[in-house]
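The values are calculated or read from the model by the stated rules, or taken from the named source; none is laboratory data. As the structure is a prediction and not an experimental result, all values here were calculated from the model. We place every Cβ from the backbone using ideal geometry, glycine too, and count neighbours over all the protein chains shown. Ligands, DNA and RNA are excluded from the accessible area calculation, which covers all protein heavy atoms including side chains. Shrake-Rupley method; radii C 1.70, N 1.55, O 1.52, S 1.80 Å.
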Amino acid sequence: LGQGLLAVQGIHNAASPISGIPMSILIGLALKNTLPLPKSLDPGIKLSSKVVLQAGIICVGAKLSAVDLVSVGLVGLPAVMASIGVGMTFIPWFGNRMGLPHKMSSLIAAGTSICGVTAITALSPAIKATQRDTGFAVANVVAFGTLGMLTYPYLAHALLSSSHQIGVFLGLAVHDTSQVIGTALTYSAVYGDEEVLKVATVTKLTRNLFLAGVIPWLTYATAKKEGLVPDRSSSSSSSLLPSFAEFKKYFPGFVAGFVGMSALRTAGDMTLASQGLALGFLEPETWKAATKLVGNEIGSHYLLGTAMAAVGLSTSASALKGVGAKPFVVGLVGAGAVGATGFTSAVILGQLFL
């Protein structure tokens, strides 16, 4: 399907811009609701939708390195922060106004603002979201990320003047990492500008880094909204900060594992840059292959793909009823708000710095 979308635009022999993770959910959902599945599959589905999912999230941390912040520089970082800030504040507010469940709005916000399906799959178990909430959030990312992939390259070419502006805009406005790369590939192939692909990729990777902070924040915010966090302002305790025991309660171990894996990737990249060896003993090619194996292949491809198939296999179509088109209205307006912020940021960057 992804190769077909690129072929329509004249691009061949490129990686698919559609992640296999949402396809896993859709295939699982189709099997669940069309075939009589044996009960013997239930233990494996349950294991995959929890343990395998959490292991995959930890491994995905190997894809994120704070060293990428250096690549995008101080010029692009405010634009990334503005885009994420708008998405993470506006979408939950608008979702609440539309009557969506709070957790569904949070998932849509994270997927739209940070890194698409990866953000949704990482956040969902942390806030104990339902399969319905997760399914609608993933559907939003697939639908509106694909729409942006097909339209933003041509819009950017018509309205923006420099390669850096266009790359920043595409890196901020499109949801999923694979969709961003597909969008930038389209622009590069149609207009012959390789710089756009480089800038868009680095901008998107910088967005992805904020996942390490957004997941703990949204987990705590969700627990507080549900009344699970004690009001320390009225407590006799002299500290308004949560204790270590409370911290562990609201921030699951796999989230700490995800942050730790990202920190390990950052340390490896830093020592590679300063000493020529990652972590003091790994050659550059070995380090690159190891991080790709853990983050891309094991984490994203196998573990998260399996886990999302399990989510689909445990989701009945009846669970998706009763919400109507509201999630997609929120997703569309939210995607528009994030895209508009990305465009405005790119224009301002062009006028001030580029």
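Among the listed residues LEU218, LEU155, LEU147, identify the single one that is in a helix (DSSP H, G or I), open to solvent by less than 50 Å² (accessible area, probe 1.4 Å), at negative phi and of a type in the set (A, V, I, L, M). First the steps, then the outcome.
Details: LEU155 fails: open to solvent by less than 50 Å² (accessible area, probe 1.4 Å); LEU147 fails: open to solvent by less than 50 Å² (accessible area, probe 1.4 Å).
The unique qualifying residue is LEU218.
Against the definition (modelled with pLDDT under 85, open to solvent by 70 Å² or more (accessible area, probe 1.4 Å) and in a helix (DSSP H, G or I)), how does LYS46 come out, yes or no? Considered against the rule, which asks whether it is modelled with pLDDT under 85, open to solvent by 70 Å² or more (accessible area, probe 1.4 Å) and in a helix (DSSP H, G or I), LYS46 comes out as no. Scanning region 179-201 for residues that are open to solvent by 30 Å² or more (accessible area, probe 1.4 Å) and in contact (Cβ under 8 Å) with a residue 60 or more places away in the chain yields a count of 4. A single entry from SER65, SER16 fulfils the requirement of being surrounded by 13 or more Cβ atoms within 10 Å (Cβ to Cβ), under 20 Å from the mean Cα position of the chain (by Cα), of a type in the set (S, T, N, Q) and modelled with pLDDT under 80: SER16. Looking at VAL52, VAL60, just one residue is open to solvent by less than 50 Å² (accessible area, probe 1.4 Å) and within 16 Å of the chain's Cα centre (by Cα), and that residue is VAL60. With respect to the conditions (1) open to solvent by 20 Å² or more (accessible area, probe 1.4 Å); (2) on the phi > 0 side of the Ramachandran plot, GLY116 lacks only one, and its number is (1).
Look at (1) open to solvent by less than 10 Å² (accessible area, probe 1.4 Å); (2) more than 30 Å from ARG265 (Cβ to Cβ) and you find that ILE91 fails only one, number (2).
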